[in-house]
Ligand SMILES: Nc1ncnc2c1ncn2[C@@H]1O[C@H](COP(=O)(O)OP(=O)(O)OP(=O)(O)O)[C@@H](O)[C@H]1O
Ligand SMILES: [Mg+2]
């Protein structure tokens, strides 16, 4: 039996002369070149929405920056971006320099790129025009992937120790990112202590591992807020490291609303201490000291 004949995108004749395939390949090459000056890419993910992925991303970025690392954050949530607000760069204009789009420096000098920086005002939603409503889901996935590819290829990050990716909820998002980013150092999974969250997150852990992402571990966020099972048990059952427990703390949310990483403004608060310890543990894994 011969090899199965699979028609690849590039084999489909005629793209209207726009050379889409060539453009995508050129973008992929730019993306690889950009990321060659980034020591480690770290994705913060959860199958579940609202568990604190973005808050944790902002604070891990803050803790790493406070420890002296050069840090960038890509808001991979193109539909509901929050990184620009949490890191204090909302309303900043993007400048196109000789080397590409320059990410504005937010709190603690963290470089931030987000769809939010491209929206004209607060009320404008991110809208994808699907040819028909039935195709909306597929179209949106494709548009999100191409928006991310563009961000990764066109942002002049410069030299970074860590580029954190704040993902929207859903494990399929990690699969998209893994398809775009050649080397992801690892994924950090976030849950809250509730049975419902654990059920969803358990599946995300399996899916992340199946997609080939090194799963660096699980963070339990908003500890004390729910009566449900602890993250440690979930991490144990899924055979991944438990990275730590971040208590529920309204002041953490208030700091995020002001664009300030909590680890910087209240470093002695238990939530900040937990986040700093988690960041230090991750840094030891993804940024090994040169030998
Ligand atoms: N440990 C915490 N203590 C108090 N509030 C928190 C904590 N973690 C997150 N929050 C708050 O909970 C809300 C949701 O957090 P966040 O936006 O970080 O979640 P998310 O997982 O990124 O959500 P989405 O799935 O929509 O991207 C925010 O208002 C945030 O300030
Ligand atoms: Mg978020």
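Values in this text are rule-based calculations from the coordinates and carry no lab data. Quick caveat: nothing in here was measured; it's all calculated off a predicted structure. Ideal geometry is used to build each Cβ from the backbone, glycine not excepted, and the neighbour counts take in all protein chains shown.
Can you put 222, 83 in order, fewest other beta carbons within 10 Å first? Before the final figure, lay out the partial values.
On the way: 222 24, 83 28.
The most exposed by this proxy come first: 222, 83.
What full-extension length gain, to one decimal in nm, is calculated for residue 226 and residue 248 as 0.36 nm per residue of separation minus the Cα-Cα distance?
Details: separation 22, 0.36 × 22 = 7.92 nm, distance 0.93 nm.
Additional length available on full extension: 7.0 nm.
Rank these for me by crowding, 194, 146, going from fewest to most other beta carbons within 10 Å. Walk me through the intermediate numbers first.
Details: 194 18, 146 14.
Final ranking by Cβ density, sparse to dense: 146, 194.
Given Cα pairs under 8 Å that are at least 6 residues apart, what percent is the relative contact order of the chain? Numbers along the way, then the final one.
On the way: 538 pairs, mean separation 73.4, N = 291.
Relative contact order comes out at 25 percent.
By how many nm would the segment from residue 258 to residue 79 grow when fully extended, if each residue of separation counts as 0.36 nm and the alpha-carbon distance is taken off? Kindly include the intermediate steps, with their values, before the conclusion.
Details: separation 179, 0.36 × 179 = 64.44 nm, distance 2.12 nm.
Length gained, residue 258 through residue 79: 62.3 nm.
Rounded to the nearest 5, what % of DSSP beta bridges with both residues in region 33-286 are antiparallel?
On the way: 4 of 33 bridges.
Approximately 10 percent, going by the DSSP bridge assignments.
Given R₀ = 25 Å, FRET efficiency for residue 233-residue 210 by Cβ-Cβ distance, to 0.05? Walk me through the intermediate numbers first.
Numbers: r = 22 Å, r/R0 = 0.87.
Step by step, r from the Cβ atoms, then E = 0.70.
Quick one, what does Rg over Rh come out to for region 133-247 if you take C-alpha atoms and the Kirkwood Rh? If you can, show how the numbers build up before the last one.
Working: Rg = 15.8 Å, Rh = 15.6 Å.
We get a ratio of 1.02 for region 133-247.
Bin by bin, in steps of 5 Å, what percent of the Cα pairs in region 58-105 do you find, going until the bin that has the longest distance?
The percentages, shortest bin first, are 5, 19, 23, 27, 18, 8, 1.
Rank the residues 243, 60 as a footprinting-exposure proxy: fewest other Cβ atoms within 10 Å of their Cβ go first.
Going from least to most buried by this count: 243, 60.
May I have the extent of the alpha carbons of the chain along their three principal axes, as whole Å values ordered from largest to smallest?
Sorted from largest, the Cα extents of the chain read 60, 50, 49 Å.
With each label point set 7 Å from Cα along the Cα-Cβ vector, what nm distance links residue 196 and residue 36?
4.8 nm
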